[in-house]
Amino acid sequence: MPQCRQVTAVASGPADSAQNLKVSPSVEKYGQTRFLTAEAKVSAGRLNGKMREKTLSMDTLNPQVKAVEYAVRGPIVLKAGEIEKYLEEGGTKPFSEVIKANIGDAHAMGQQPITFLRQVVALCTFPELMDSPSFPEDAKWRALRILQGCGGHSLGSYSASPGVECIRKDIAAYIEQRDEGVPSDWENIYLTTGASDGIMTILRLLVSGKDSSRTGVMIPIPQYPLYSAAISEMDAVQVNYYLDEENCWALDINELYRAYQAAKLHCQPRVICIINPGNPTGQVQSKKCIEEVLHFAYEENLFVMSDEVYQDNVYTPDCQFHSFKKVLYEMGPEYFNSVELASFHSTSKGYTGECGFRGGYMEVINMDPEVKAQLVKLLSVRLCPPLAGQAAMDVIVNPPQPDEHSYKQFHQEKSSVLGALADKAKLTEQILNAVPGIKCNPVQGAMYAFPRIFIPPKAVEEAKALGMQPDMFYCLRLLEETGICVVPGSGFGQKDGTHHFRMTILPSIEKLKVLLGKVRDFHISFLKEYSALE
């Protein structure tokens, strides 16, 4: 058998060529000559003078992937990035910066981290800091407890697929306290990579069937685009139920029945999704509304998915967050022991805004034991959620207590963040409602406003001529003329004939005033341009 010689190259500079190579005869024997020069690499992609066809092309791409749309990071955000780069390279615009109000990324908007959370995660990440007097004892014992639950006492280890056991127990205790004694079993708690991961996992369990037996997923309109994207990717059927804009985006039970009955003609509705507090609409659903939804799910045998990531973000004094689980419990054992419910929470929202840690959890109740085993199997495929995110989630559910050293600073920071958000929610509503042709419902909770905008018929015609939705046309003009990046309402869903945009209320109060002032001036100018200002 011929002996293979190692391929060597002389790295003396750009003058090197294929002549510097020594190629094994055994390699040449099979026509696999090895090239290292740029010219040879191009030649390697050719066959008889023709470029090799791509294995993966738009023709062979999974059609469900092509169907996915995600407006929050869609075309308008790409355009904003191009403008930012243009400004950085010395280009000139009527503005000096792009203000990205398209996404609920608190820290990117300038919010400062909660000190205690970062202390605990830092200690978990670098335990040598335990000896430092700069870290309080209550942060140290929390970090030690988390590390003791990790393999090798290290955040660099894998955890069990559902998450670190002590963190799951802390979450169960938090839920019991939040829901005023409603029992929570830690074995029904699963840590996730942000709430999105949990939502996708539950949908994967639910989606099945073909043709008229395909799973129908009921989602609110307007909705957070994760839901429509997931439904497209999984080839399920999107069943829209419309929130009542004239009644502060309330959920109308009659609309649920209408949507359900219409959907049954072409699919099998099996799940209803609710976002409370609402994204993008910012409403907080009443307890009566939640009872009606749960009764509806009980009657129609629907699995309930309750997206509660904004549960700490309630600003209007006469509104209160009610968890779906607590309301279900109060409806009695017939409901509480039968309705299947998955609820979701996250490190990314609330008062911490720790999006980058990708921490979250879901609580799943009344799931069939055999299906629960399949859920654990599905979670095992991804090994485990990030350990740093799990640690961050633990701090959120297990914060400093009044008798602990860190409580005062923690309470001040938390109150400051939520108080500022409440002020910005009110300011946004007031300024937008003072603009002709804009109507904004109260921002009761979450982190967004979803104002309705009047777009004159001439502007609608121009948008259609350009092949785009009218509110996309509006938002692109807003971006190009003011540097304000918001998301068109068409990316979230809206009733035909209405137009909206979603903007976050996260910028600092000073920057938010600038943003809202620019929106006001632009909108008035836009109406004048299309001869619609009365």
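The values are calculated or read from the model by the stated rules, or taken from the named source; none is laboratory data. Quick caveat: nothing in here was measured; it's all calculated off a predicted structure. When we count neighbours, we look across all protein chains shown, and the Cβ atoms used for this are built from the backbone with ideal geometry, even at glycine. In case anyone asks, the SASA skips ligands and DNA or RNA and just uses the protein heavy atoms, side chains included. Shrake-Rupley method; radii C 1.70, N 1.55, O 1.52, S 1.80 Å.
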Antiparallel as a % of all DSSP beta bridges within region 117-397, to the nearest 5? 35
What Kirkwood radius, in Å to one decimal, follows from the Cα pairs of the chain? 26.2
In region 252-291, which trypsin sites (Lys or Arg not before Pro) fall in coil by DSSP and have 14 or fewer other Cβ atoms within 10 Å? Lys264
Quick check: convex hull of the Cα atoms in region 220-269, volume per residue, rounded to a whole Å³? 65
Excluding ligands, DNA and RNA, what is the solvent-accessible area per residue of the chain at a probe of 1.4 Å, expressed in Å²? 48
Within a Cβ distance under 10 Å of Gln444, other residues only, what is the Lys/Arg minus Asp/Glu net charge? -2
Whole-angstrom gap from region 143-202 to region 353-411, using each part's C-alpha centre: 4
Cβ-defined net charge surrounding Glu354, 14 Å radius [Lys, Arg +1; Asp, Glu -1]: 0
With n ≥ 4 as the cut-off for DSSP H runs, can you work out [θ] at 222 nm for the chain, using -39500 (n - 2.57) per run divided by the number of residues, rounded to the nearest 500? -12500 deg cm²/dmol
Gyration tensor over alpha-carbon atoms, region 117-397, equivalent ellipsoid semi-axes in Å: 34, 21, 17
Over the chain, what relative contact order in percent results from Cα pairs under 8 Å that are six or more residues apart? 19
With respect to the cross-link table entries Lys54/Lys377; Lys100/Lys349; Lys349/Lys528; Lys288/Lys511; Lys288/Lys439, which display a Cα-Cα separation exceeding 28 Å? Lys54/Lys377; Lys349/Lys528; Lys288/Lys511
When only alpha-carbon atoms are used, what values of Rg and Dmax, in angstrom, describe region 311-420? 17.1, 46
Using Cα pairs closer than 8 Å and at least 6 residues apart in sequence, work out the relative contact order for region 323-403, in percent. 26
Cross-link partners of Lys264 among lysines (Cα-Cα below 23 Å; sequence separation of 8 or more within a chain): Lys210, Lys495
